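Enquirer: Pasting in a structure now, in structure tokens, and then I'll have a few things to ask.
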Amino acid sequence: MLKVGITGQAGFVGTHLYNTLGLSPEEFFRVDFRREFFENEAELENFVSKCDVVVHLAAMNRHPEPQLIYDTNIGLVQKLVGALTKTRSKAHVLFSSSTQEGKDNLYAKSKKEGRELMAYWAKNSGGKFTGMIIPNVFGPFGSPNYNSVVATFCHKLAHNETPKIDIDIEVKLIYVGELITEFLKEIREYGGREEVRVSSTSEVKVSTLLNQLTDFKTGYQEKGEIPAIANTFEWNLFNTFRCYMDLTNHFPVKLKQHTDPRGSFVEVIRLGVGGQVSFSTTLPGITRGNHYHTRKIERFAVIKGKALIQLRKIGTHEVLDFYLDGEEPAYVDMPVWYTHNIKNIGDEVLYTNFWINEFYDENDVDTWLEVV
């Protein structure tokens, strides 16, 4: 079992890597890291001494004072190298750099020089080093106005603000889940490679990107329609957009019920994509679910009875409660990386319609058990 520690564990990429490592507990042991370790030599040395692998993600990306960015990033590398040297670590260190390395700014300079410092440590210590040069990363939970243009556009659109395009250029992107796959490949298959250029998986013009996200807002957020998804990039972009919505104030969404002397009719979902529709009954007091997905799109619609649907983002403690009643049919959608359940809180049988965007595959279920 490999013991893996991540500096910047609480950051955008760090959170995704930490959570993904947790899906393979038989293969990886996660050594917890806190940012305060960089201010305490003993704590930092204790951290690195426990690690077979250290993934160095901690860095400052943006600040009004470029010199502070440079000083911070170089300082973090120097402290990490100091701890590795003092503990005589032979760890495999993966360093996160950027395709901006070649640009003439202090952030780019800090990433290039930081990578070189870490490579020098490895050569002189017997440790292993992998310098990963990474394009722009997007995905769920990135910080707007900091991590990527995708995060900024998603946040603004989801909160009814108007995004602005400064320069309409082609941007090269990689989805955070795809980047994590590259990290795991380096950890599993290679013993250190000084320079690894991670390829982007999509290239899109900023205006095209904004138009696609605007379509998600009008079609999905405002109308509840699951869009037609043409490729993996659009699928990843849609799952990213959904995570920026204010879930508490958006769900549950009431469904329109048509009644006449024969009974009632309710349209549950409009689809631009396929998948699997299921129907279930749940006895009073019974809870279903307590699992999460990393890629699937899922909708729970209550059509009869009373239900409590709960969601909790993985790695956090806040539980979102949604109360639904079949007297007013409604639905809640499940964002990726949110564990969720549904409980019958009424006195009669609960009737629920479930839709998920892909057929069940017992060899690739993307269903991870965790109690809300």
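The values are calculated or read from the model by the stated rules, or taken from the named source; none is laboratory data. Keep in mind it's a predicted model, so treat the numbers as computed, not measured. Every residue, glycine among them, receives a Cβ derived from its backbone with ideal geometry; neighbour counts consider all protein chains shown.
Enquirer: Where residues in the range 220-241 are aliphatic (A, V, I, L, M) and over 19 Å from D168 (Cβ atoms), which of them is surrounded by the most Cβ atoms within 10 Å (Cβ to Cβ)?
Expert: Per the criteria, the residue is I226.
Enquirer: Take the residues in the range 344-356 that are polar (S, T, N, Q) and crowded, with 22+ Cβ neighbours inside 10 Å; name whichever of them is nearest to K296 (Cα to Cα).
Expert: Taking the candidates together, the pick is T352.
Enquirer: What's the number of the condition K217 fails, among (1) loosely packed, with under 15 Cβ neighbours inside 10 Å; (2) under 21 Å from F141 (Cα atoms)?
Expert: (1)
Residue-by-condition table, conditions (1) surrounded by fewer than 13 Cβ atoms within 10 Å (Cβ to Cβ); (2) of a type outside the set (S, T, N, Q); (3) over 19 Å from F238 (Cα atoms); (4) modelled with pLDDT of 95 or more:
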{"position": "R270", "(1), (2), (3), (4)": "yes, yes, no, no"}
{"position": "G275", "(1), (2), (3), (4)": "no, yes, no, no"}
{"position": "H293", "(1), (2), (3), (4)": "no, yes, no, yes"}
{"position": "K313", "(1), (2), (3), (4)": "no, yes, no, yes"}
{"position": "L324", "(1), (2), (3), (4)": "no, yes, yes, yes"}
{"position": "D333", "(1), (2), (3), (4)": "no, yes, no, yes"}
{"position": "I342", "(1), (2), (3), (4)": "no, yes, yes, yes"}
{"position": "D361", "(1), (2), (3), (4)": "yes, yes, yes, no"}
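Enquirer: Here are some residues: G114, G102. Which one is over 16 Å from E43 (Cα atoms), loosely packed, with under 15 Cβ neighbours inside 10 Å and of a type in the set (G, A, S)?
Expert: Answer to the check: G102.
Enquirer: Follow-up question, since we're still on this one. Would you pick out the residues in the range 112-127 that are more than 18 Å from V53 (Cβ to Cβ) and among the aliphatic types (A, V, I, L, M)?
Expert: L117, the sole residue that qualifies.
Enquirer: I would also like to ask the following. Can you find a residue in the range 21-34 that is within 17 Å of F129 (Cβ to Cβ), under 26 Å from the mean Cα position of the chain (by Cα) and crowded, with 16+ Cβ neighbours inside 10 Å?
Expert: No, every residue in the range 21-34 fails to be within 17 Å of F129 (Cβ to Cβ), under 26 Å from the mean Cα position of the chain (by Cα) and crowded, with 16+ Cβ neighbours inside 10 Å.
Enquirer: Right, here's the next one. Enumerate the strands (runs of 3 or more DSSP E) found wholly within the range 1-96, keeping only those where 2 or more residues are more than 18 Å from W121 (Cα to Cα) and in contact (Cβ under 8 Å) with a residue 12 or more places away in the chain.
Expert: 2-7, 28-31
Enquirer: May I pose another question? Out of curiosity, is K156 closer than 23 Å to T218 by Cβ and touching a Ser or Thr at 6+ places or on another chain (Cβ under 8 Å)?
Expert: Yes, satisfied.
Enquirer: In contact (Cβ under 8 Å) with a residue 24 or more places away in the chain, crowded, with 22+ Cβ neighbours inside 10 Å and in a helix (DSSP H, G or I) - does that describe any residue in the range 118-132?
Expert: Yes, the range 118-132 contains at least one residue that is in contact (Cβ under 8 Å) with a residue 24 or more places away in the chain, crowded, with 22+ Cβ neighbours inside 10 Å and in a helix (DSSP H, G or I).
Enquirer: Can you tell me which of K306, K296, K343 is under 26 Å from L17 (Cβ atoms) and among the basic types (K, R)?
Expert: Result: K296 is the single residue among K306, K296, K343 that is under 26 Å from L17 (Cβ atoms) and among the basic types (K, R).
Enquirer: Might you let me know whether the range 155-162 holds any residue that is surrounded by fewer than 17 Cβ atoms within 10 Å (Cβ to Cβ) and either at positive phi or polar (S, T, N, Q) (or both)?
Expert: For the range 155-162, residues surrounded by fewer than 17 Cβ atoms within 10 Å (Cβ to Cβ) and either at positive phi or polar (S, T, N, Q) (or both): present.
Enquirer: Here's something else I'd like to know. Among residues belonging to the range 295-345 that are touching a Gly at 6+ places or on another chain (Cβ under 7 Å) and in contact (Cβ under 8 Å) with a residue 60 or more places away in the chain, point out the one that is nearest to D246 (Cα to Cα).
Expert: Among those residues, the one meeting the criterion is I342.
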